[in-house]
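The values are calculated or read from the model by the stated rules, or taken from the named source; none is laboratory data. Nothing here was measured: the structure is a model prediction, and the numbers come from that model. No Cβ is skipped: glycine too gets one built from the backbone with ideal geometry, and neighbour counts run over all protein chains shown.
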Amino acid sequence: MKSALTCGAAALVLITGAALSGCTAKEPKSEGGGAAAGGQEITVSATDTGCEVSKTEATTGPTTFKVTNNGSKVTEFYVYDKGDRALGEVENIGAGLSRKLIVQFSEPGTYQTACKPGMIGDGIRGDFKVSGNAVKLDAEGKFKDATDRYRGYIITQVDALSEAATKFVAAVKAGDIASAKAQYPTSRVYYERIEPVAEAFPNDLDPRIDLREADVQPGEKWTGYHRLEKDLWTTGLQPDTNAIADQLLKDIKELSDGVRAKDFDINTTKIAGGAQTLLDEVARTKISGEEEFFSHTDLWDFQANIDGSQNAIATVRPILDERKPELGQAIDKRFKEVDVLLGKYRKGDGFVFYDAVTQDQRIELAHAIDALSKEVSEVQGVIAGR
């Protein structure tokens, strides 16, 4: 049965040539049965042509959306604030499978929900009204400490990204292919550690920086790291390569400005959700080797996603240890297991190229990441269940 497959293991089926699409992680189990861990619970039925939300109203505070894909296409579900700023999202929901998303609504107002069948376009949208008094999320104590630490971590990573990308782009524009290839995976790690943050910004900022060729839609301009990856490893530098490189730096500058803006919003529920999203990135799009299709530098991305997830968990750890210490201990064990496995593929300051990793070895990695993901999937509910 499709629903019995864990995400990473399902992704590995693709390697053997079997027809399988829309893998998702197992639905996380929350203590106390769903709504207790995330306030109000609302069901969402996503199809290829519709997005049926059981309730279109809620009150301020945490709301859990249980999203079931009743269509045939892999889908995503988003909750948007003004200006298409994502308050939360779940991606890669396969046909017949369900995922949960907890969103903290701090202010009354009109928001939007969106299902994205095929994971493209603006999605099938509907208004979602929130009433009640404004809620100051993470305003004091361990919650404020966690958001302050994570905000600092994000800014540190974006600054490092800006510096590394500037050197990478300089090598590309100088036509120094060997240097650009060497810098490509190491400059990307800073982005991969915080990618869920970039995904929350409007105007398709994440796709501009990180879109893969396979996801480019007809008529869409392909920009970002992976376009430069193809130029470096496959086609050779193109007439517009320098312009693409310059655009990458502009988009990274937009990300840097965004995380420093006064209205940049982060809370502990989103931090915990981001930790899960980073693991989903590995399990769904990287374990099969489709992310770094031309360069095969996937293991650098793996490590960066794991590092980012681990840091996100560390920032909320004081809250987790207070509420469910045994979960934190289980997560520590799983992170260590994944780290030991990745260590097998280290080479010098980096890793072996992913095309040298056998199918059996990929399956072993997938199982370890699935086991870690299963534990981390519980954290958002624990953090939100005040």
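Checking each residue in the stretch 148-204 for being of a type in the set (Val, Ile, Thr), within 18 Å of the chain's Cα centre (by Cα) and either assigned to a helix (DSSP H, G or I) or surrounded by fewer than 15 Cβ atoms within 10 Å (Cβ to Cβ) (or both) picks out ILE154, ILE155, VAL158, VAL189, VAL197. Being farther than 22 Å from ALA384 by Cβ, free of Cβ contacts under 8 Å to residues at least 24 places away in the same chain and among the charged types (D, E, K, R) holds for only one residue in ASP122, ASP127, and it is ASP122. May I ask you to list the residues in the stretch 227-270 that are among the β-branched types (Val, Ile, Thr), surrounded by fewer than 18 Cβ atoms within 10 Å (Cβ to Cβ) and in contact (Cβ under 8 Å) with a residue 24 or more places away in the chain? THR234, the sole residue that qualifies.
Under the condition of being under 21 Å from THR186 (Cβ atoms) and small (Gly, Ala, Ser), the residues counted in the stretch 217-257 number 3.
Taking first residues from the stretch 322-346 that are over 12 Å from VAL376 (Cβ atoms) and partners that are small (Gly, Ala, Ser) and surrounded by 15 or more Cβ atoms within 10 Å (Cβ to Cβ), the Cβ contacts under 6 Å between residues at least 6 apart in sequence or on separate chains come to GLU337/ALA368; LEU341/ALA368. The strands (runs of 3 or more DSSP E) located wholly in the stretch 48-104 that include 2 or more residues which are closer than 15 Å to THR269 by Cβ and in the same structural domain as GLY126 (by TED's automatic domain parsing) occupy 61-69, 86-93.
All conditions but one from (1) in contact with a Leu (Cβ under 8 Å, 6 or more places away or on another chain); (2) buried (at least 18 other Cβ atoms within 10 Å of the Cβ) apply to LEU342; the one that does not is (2). Annotation: GLY273 fulfils all but one of (1) buried (at least 21 other Cβ atoms within 10 Å of the Cβ); (2) more than 16 Å from the chain's Cα centre (by Cα); the unmet one is (2).
For GLY258, indicate whether it is in contact with a Pro (Cβ under 6 Å, 6 or more places away or on another chain), within 30 Å of LEU137 (Cβ to Cβ) and small (Gly, Ala, Ser).
no
One residue alone among THR68, THR59 is surrounded by fewer than 17 Cβ atoms within 10 Å (Cβ to Cβ), in contact with a strand residue (DSSP E or B) (Cβ under 6 Å, 6 or more places away or on another chain) and of a type outside the set (A, V, I, L, M, F, W, C), and that residue is THR59.
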